[in-house]
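Notes follow the structure.
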Amino acid sequence: MAAIHGKDTKPEMVVRKWLWGHGFRYRLNHPRLPGKPDIVMRKYRTCIFVNGCFWHGHHTQFIMHNSQFIIESSVCCKIPKTNHEFWVAKIRRNQERDLKVQQQLASMGWHCITVWECELKPKVREKTLESLAYTLNKIFLQDRTILRYELPEEEPMMAAEDNQNV
């Protein structure tokens with residue numbers, strides 16, 4: 001596990017290069033935000049997490065059996081048969097931490113987007129990245145309309161008019 005790095009992974013580099021090439025600007029691993037998101041886009045108030053399917057348990061299901069959690073492997077996340085309890089606990093902790101970090105960011109007013117490693121395979125990569133751009137633009141437009149909303153003005157009453165019936 002020492003050879004596994006958390007920054008500058010291949011899936012992360014794919015997303016970063018695509019975003020930069022399409023005019024999106026970002027900051028990497030912002031230390032002041034919870035969880036140090038992989039990509040932070042302040043203009044969009046959005047954090048992008050590029051997750052590996054194995055490390056974050058993509059499409060896995062936890063089942064309680066005899067007071068122990070059992071995890072079912074999925075197509076993109078195969079759980080090793082050796083030291084199974086360790087891997088189940090590790091993946092479960094990662095998922096709980098991811099959820100907690102996203103809740104903290106949401107309470108701070110940030111949007112969170114998770115891009116999974118399997119969504120960046122060559123067959124579906126362009127579709128995934130185009131939908132990412134669509135989502136970012138939609139977030140941008142929604143946030144701007146909320147910020148620019150103004151209360152309608154009430155009709156001013158003239159001082160000479162009296163509302164009392166004479």
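Nothing in this text is a laboratory measurement; each read-out follows from the coordinates by a stated rule. Please read these numbers as outputs of a predicted model, since none were measured by experiment. Note that we place each Cβ from the backbone using ideal geometry, even for glycine, and neighbour counts take in every protein chain shown.
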### Query
In the structure shown, do any of LYS90/LYS123; LYS17/LYS127; LYS7/LYS36 have a Cα-Cα gap over 18 Å, and if so which?
LYS90/LYS123
### Message
Apply the a/c threshold of 1.5 to the C-alpha gyration tensor of region 104-146 and tell me whether it is rounded, prolate or oblate.
### Response
oblate
### Query
For LYS123 and HIS22, what is the calculated FRET efficiency with R₀ set at 25 Å and r taken between the beta-carbons, to the nearest 0.05?
0.80
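Arrange the peptides 31-39, 46-54 so that the one whose residues have, on average, the most other Cβ atoms within 10 Å appears first. Write out the running numbers ahead of the final one.
Working: 31-39: 16.2, 46-54: 21.8.
Packing proxy ranking, top to bottom: 46-54, 31-39.
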